[in-house]
1. Can you order the peptides 333-344, 14-25, 272-283, 150-161 by their average number of other Cβ atoms within 10 Å per residue, highest first?
2. All other residues with a Cβ under 14 Å from the Cβ of LEU296 taken together, and with Lys, Arg as +1 and Asp, Glu as -1, what is their net charge?
3. How high is the relative contact order of region 184-348, in percent, counting Cα pairs under 8 Å that sit 6 or more residues apart?
4. Given the Cα-Cα distance of ASP57 and LEU348 and 0.36 nm per residue of separation, how much length would full extension add, in nm?
5. Determine the alpha carbon to alpha carbon distance for each of LYS20/LYS210; LYS5/LYS366; LYS210/LYS240; LYS56/LYS279; LYS198/LYS233 and list only those over 26 Å.
6. Per-residue counts of other Cβ atoms within 10 Å, averaged by peptide: what ranking do you get for 107-117, 56-66, 139-149, 220-230, highest first?
7. Take every DSSP beta bridge with both residues inside region 188-295 and express the antiparallel ones as a percent of the total, to the nearest 5.
8. Within region 318-357, name every residue whose backbone N is under 18 Å away from a label modeled 7 Å from Cα of LYS163 along the Cβ vector.
Amino acid sequence: MSIRKICAVITARPSYSRVKTALQAIQAHPKLELQLVVAGSALLDRYGNAVDFIEKDGFTVNEKVFIVLEGENKTAMAKTTGLGVMELANVFFNLNPDAVLTIADRFETIATSIAAAYQNIPLIHLQGGEVTGNIDEKVRHANTKLADIHFVTSEDAKTRVQKLGEDPDFVFNTGCPSIDIAAEVLENPALDFNPIEKYGGVGASISADKDYIVVMQHPVTTEYHQAKEDVQKTLRAVDKLGIPTFWFWPNVDAGADGTSNGIRSYREIEKPGNIHFFKNMEPRDFLRLLLNSKCLVGNSSVGIRECAFLGVPVVNIGTRQNKRLRGNNVLDVSYNEEAIREGVEAQLHHPKNKRSSVYGNGNSGKQIADILATVELRYHKTISY
């Protein structure tokens, strides 16, 4: 059998950690060739320049595709997606892959799916079948219907993809590749670096030597007009707690301007003495920082996935992770300053949770590569009944 060219498209910072070990396994597999395309906010400095970490990890980037329009509102999201279809169509035409891999549910991932499916290129979708209740869910299910091969992260998601009419023979529960990295971190859990010395950032000079928390809060695309107000409620709650806090910049979504402006204005006016802000970290360093924290605060899916596996307590704010399958590490609160503060205080005194393997056991990447080496690469399907 000839070597199969698998083209993976990474469009944002979180997508890389979600697929890194699968990329490594594809690259190492004797029957596969990795083609890597980096696009969208993964190329932008203001969102952490994920491409730098990708290249540092030893990957060769075949194409860089700049598609993000300024505005960070719902119209800019739609136009960015349109540009993505146009640009990625040319990329796939030139690279001529045997299959294309799209990741999860960010709005621009649908551009990857359309550009591949319309050119009769078999489409692989990672992390289909999950639910959250916002625009991401629409994109995720649309990717599922355009895709030919599905790598899901749980039995719950596998059942849902099959209910959407997908052929069970092409739906594989491999777990989430990000759990592979979390499993590696558990083998060497010590926080062996100084976050501020290694990654810079701005804000208060705090230490990870004592108890600290981590915050990662993104705008909700269906509630984007509330983004600034929402993030400032969290800022006030965390500021009043006084505990050292490592806070990460939001994703590029509708409302990201509001979240970013809310952070900047609060930082400049209130000058919180316990918060330090970062754009990005290498996936392994980020998970090690999480593992050694007292809890994660915000609305990131890392609280639902990796923190469940690591047993890290989470205060999940608002609706962004609504209905997503979770372990017992999550405490849900509303966008209310007092509720957030009380939630954090409760988790600060909560012992580490029992670790959950609901999203995998740490061998996802190799499973994905092995399946891709042998599975039928088809680009036509009908709904199974």
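1. Numbers: 333-344: 18.1, 14-25: 24.7, 272-283: 20.2, 150-161: 21.9.
Ranking, from highest mean packing down: 14-25, 150-161, 272-283, 333-344.
2. Surrounding charge for LEU296 is +3.
3. That works out to 26 percent.
4. Numbers: separation 291, 0.36 × 291 = 104.76 nm, distance 3.41 nm.
Result for the pair: 101.3 nm of gain on full extension.
5. Pairs exceeding the cut-off: LYS20/LYS210; LYS198/LYS233.
6. The peptides rank, most packed first, as 107-117, 139-149, 220-230, 56-66.
7. Numbers: 2 of 10 bridges.
Here the antiparallel bridges make up roughly 20 percent for region 188-295.
8. Taking a point 7 Å out along Cα→Cβ of LYS163, the residues of region 318-357 whose backbone N falls under 18 Å are 322-326.
Every number here is computed from the coordinates shown, using simple stated rules; none is lab data. Everything numeric here is computed off the predicted structure, so don't read it as measured data. Every residue, glycine among them, receives a Cβ derived from its backbone with ideal geometry; neighbour counts consider all protein chains shown.
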